[in-house]
Amino acid sequence: MPATTPTQALTQAGQALADPATYTDEHHLHSALTLLRHHAPVHHVTAPGYNPFWAITRHADILAIERDHTLWLNAPRPVLRTAALDQALHTRRTQGKALATLVHLDHPHHRPLRAIAADWFRPATLRTLDTRLRHLARRHIDTMAEHGPACDFARTVAAPYPLHAILTLLGLPESDFDRMLHLTQQLFGHDDDETGRGTGTPHDHTSVLEDLFAHFHDLTARRRAHPTGDLASRIANARIDGRLLDDNTAASYYILIATAGHDTTSSTIAGGLHALITHPGQLRRLREDPALLPAATEEMIRWVTPVKAFMRTAAADTRVRGVPIRAGESVLLSYPSANRDEDVFDEPFRFDAGRRPNRQLAFGFGAHFCLGAALARMEVTALFAELLPRLAGIELDGEPAWTATTFVGGLKRLPVRYSLT
Ligand code: HEM
């Protein structure tokens, strides 16, 4: 094999960010990100099958870009997709059939739409949900106990628990849960042979969307006819400038909440447990001092960083770290890289259940800062608050596996052997 030159190594590292397989191997991912952070923190990537983009890997640069939401727009390319899927989604947009969610919108349309659900996600409102969450967490740990002494924690606990939590908040019946679990995993895991719809083509992705739209269209009609006081009723009956949301926007809202509120938190919970098993000293520390749990939750979120990237497109010619970027060019904000940035975190590759301060960027920043951040923190904390006191011992029981994705994902398999009281 010929030796790789520094330029070739950077080219390969940039291209790795557009390869879903990279995210199945944390060592490979973080080697590429560390190289970029140190030698080319604003790096132009041309990867086969993708429209070009700039990879942004420093915490400070990502923060500055997210702060300026008039210069850096979410539309028309909020997420990294293949060029073929970019094109298919563009076509759906021109037909009025594309997702119209918060992450697809910019000022001034974004804020009124966000305001519709914002009240529901404030910590004060969510506190009323705490008892229900604890109950839900207990149910899932009971299921784990029934499966004992071994289970795939990712499938048995980490995947269903956050989905139940978010669909309960939305107001959907339990009979919908299995179908939604399947559809959201297909939507986010469409690059993965096991969780996607098979071939990873634009058609797979849009056919999952069709199914989700079909599922949610009549929910709007039902909640308009008979409002029930749940979040779905709030969305169905909300008005902007005196008008109800059109069907597409309402359905997109449910889909965003159901999907954004699910795989993200389940990846954090599975990755968090994996971190505790592979750092037994930190597990002991947490069991001895449960007051550390909020800090441990924050560290699990930093450690896992389930959202791999969002994108922004420049509205005008500008510079990042002195590098010129032209109007219309897109940047990829690498959250896993920001969360291992040596300028911000002391020993970033150490899992520290009591890390303080912890300026993790996993929820993004600014106008689009994760709407569900407080809920996600509550869910993770509630689950480990139930699990840890009952856990007499736990170890890996096989090889863990990570989802192939460039967007949202984490552990899809976590075989564990344990004893629970
Ligand atoms: C947006 C991460 C859980 C709902 C986002 C963004 C990130 C993110 C990175 C984009 C932020 C930006 O562009 O600056 C996460 C992580 C989670 C999580 C790491 C779990 C650990 C949740 C949950 C919900 C949720 C439980 C519940 C519904 C949303 C929504 C948006 C969003 C609605 C769009 C906000 C907007 O564009 O205004 N999330 N999320 N997320 N998240 Fe989360």
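The values are calculated or read from the model by the stated rules, or taken from the named source; none is laboratory data. This structure is a prediction, so every number in the text was calculated from the model and none was measured. Note that each Cβ is placed from the backbone with ideal geometry, even for glycine, and that neighbours are counted across all protein chains shown. Ligands, DNA and RNA are excluded from the accessible area calculation, which covers all protein heavy atoms including side chains. Shrake-Rupley method; radii C 1.70, N 1.55, O 1.52, S 1.80 Å.
Brief remarks follow.
- For VAL320, solvent-accessible area (1.4 Å; no DNA, RNA or ligand), Å²: 10
- Neighbour net charge for ASP317 - beta-carbon separation under 10 angstrom, K R +1, D E -1: +1
- Rounded percent of accessible protein surface that carbon and sulfur make up, region 6-420, 1.4 Å probe: 54
- Compared with the alpha-carbon gap, the fully stretched path from HIS135 to ALA84 is longer by 13.9 nm at 0.36 nm per residue.
- Global form of region 198-341, assessed from the alpha-carbon gyration tensor, a/c cut-off 1.5: oblate
- For the chain, modelled as a GNM whose springs connect Cα atoms under 10 angstrom apart, the maximal fluctuation among THR265, THR91, THR46 occurs at THR91.
- What you get for region 6-420, charging only the Cβ of Lys and Arg (+1) and of Asp and Glu (-1), is a dipole of about 1020 debye around the Cα centre.
- Relative contact order, whole percent, for region 6-420 stands at 26, derived from Cα pairs under 8 Å and 6 or more residues apart.
- Heavy-atom accessible surface of the chain, averaged per residue, reaches 42 Å², computed with a 1.4 Å probe.
- Mean residue ellipticity (222 nm) of the chain, computed from DSSP H runs ≥ 4 via -39,500 (n - 2.57), nearest 500: -15000 deg cm²/dmol
- Overall Cα dimensions of the chain - principal axes, largest extent first, Å: 61, 59, 40
- Fully extending the segment from ARG285 to THR125, taken as 0.36 nm per residue of separation minus the present Cα-Cα distance, adds 54.5 nm.
- Considering all different alpha carbon pairs of region 309-421, the Kirkwood hydrodynamic radius works out to 17.8 Å.
- Charge-dipole axis of the chain as Lys and Arg at +1 and Asp and Glu at -1 on Cβ define it, positive-most pick from ILE65, GLY409, LEU244: LEU244
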